[in-house]
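Enquirer: Quick one: the structure is below, and I'll ask about it shortly.
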Amino acid sequence: IEAKRDSNFYVLRKSLRRYRGRLTIAATLAIVAVFLVFIEVARRAEGAKRSRADGELRLAYALISQRSKLDEAHKLLDDVLNDFAGEEEAYLLRGTLTAIDALNAPVLKKKEVTEQAIDDFHRAHLAAGGHLVWDAPKGLMPPQGKGVGSSQALMRMADIILLNDWGRSKDENKE
């Protein structure tokens with residue numbers, strides 16, 4: 001009597017059962033390796049994005065310092081804030097830029113532009129972990145209350161309030 005040869009499926013099942021422990025360990029290691037590769041790729045992408053944002057902040061600072069191409073500086077800061085909504089430095093720079101705009105604004109727009117600058121300084125304070133100084137700024141806000149806040153933002157906010165010529169006060173902010 002001649003016996004049939006074992007089928008390939010039968011041999012595979014027997015081999016899998018025999019080496020079940022080793023295969024489980026190998027599969028687990030393969031899954032962990034793939035997961036670590038994905039994490040590293042994401043970390044590098046975030047680092048590249050962060051590096052680009054830092055470069056844009058430096059360029060915006062240079063443009064503001066030279067008081068040239070202020071529209072380009074506005075665009076750079078808006079791009080950074082789209083990617084990193086809680087970026088204290090970007091809010092400080094955008095507040096400074098808006099304060100410069102407020103100084104040069106026509107009298108009818110001065111109040112609105114100055115309020116925008118104050119709101120950006122307020123957002124910088126919140127991004128640094130501070131709490132609301134008074135009513136929340138208009139629009140999106142960074143997370144708040146997890147740190148000491150930004151003394152620089154508070155000083156700039158106070159400076160622009162003291163320098164304004166339209167009489168903003170804490171009570172008038174609640175309108």
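The values are calculated or read from the model by the stated rules, or taken from the named source; none is laboratory data. Predicted model only: the values in this text are computed from it and were never measured. Here the Cβ positions follow ideal geometry from the backbone for every residue, glycine too, while neighbour counts run over all protein chains shown. We work out accessible area using only protein heavy atoms, side chains counted, and drop any ligands, DNA or RNA first. Shrake-Rupley method; radii C 1.70, N 1.55, O 1.52, S 1.80 Å.
Enquirer: Please identify every one of the chymotrypsin sites (Phe, Trp or Tyr not before Pro) in region 1-51 that sits in a loop by DSSP and has no more than 14 other beta carbons within 10 Å of its own beta carbon.
Expert: Answer in residue order: Tyr19.
Enquirer: Give the calculated FRET efficiency between Glu72 and Lys111 to the nearest 0.05, with a Förster radius of 22 Å applied to their Cβ-Cβ distance.
Expert: 0.30
Enquirer: OK, next. To the nearest 10 Å², what's Ile25's accessible area with a 1.4 Å probe?
Expert: The value for Ile25 is about 110 Å².
Enquirer: Another question, then. Give the accessible surface of region 1-137 per residue, rounded to a whole number of Å², with probe radius 1.4 Å and ligands, DNA and RNA excluded.
Expert: Accessible area per residue, region 1-137: 67 Å².
Enquirer: What distance in nm separates the simple spin-label points at Val32 and Arg17, each placed 7 Å from Cα in the Cβ direction?
Expert: With each label point 7 Å from Cα toward Cβ, the separation is 2.9 nm.
Enquirer: Here's something else I'd like to know. Please report the relative contact order for region 64-135, taking Cα pairs under 8 Å with a sequence separation of at least 6, and give it as a percent rounded to a whole number.
Expert: Here the relative contact order equals 29 percent.
Enquirer: At 7 Å along the Cα-to-beta-carbon direction for both Met155 and Ala45, put a label point, then send me their distance in nm to one decimal.
Expert: 4.0 nm
Enquirer: Can you work out the base-10 log of I(q)/I(0) for region 1-103 at q = 0.11 1/Å, using the Debye formula on its C-alpha atoms alone?
Expert: With no solvent term, the Cα-only Debye profile gives -0.56.
Enquirer: Compare the peptides 51-64, 89-102 by average per-residue count of other Cβ atoms within 10 angstrom and give them in order, highest first.
Expert: 89-102, 51-64
Enquirer: Please list, in order along region 45-51, the HN-Hα scalar couplings obtained from phi with the Karplus expression 6.51 cos²θ - 1.76 cosθ + 1.60 (θ = phi - 60°), rounded to whole Hz, x for Gly and Pro.
Expert: 5, 5, x, 5, 5, 5, 5
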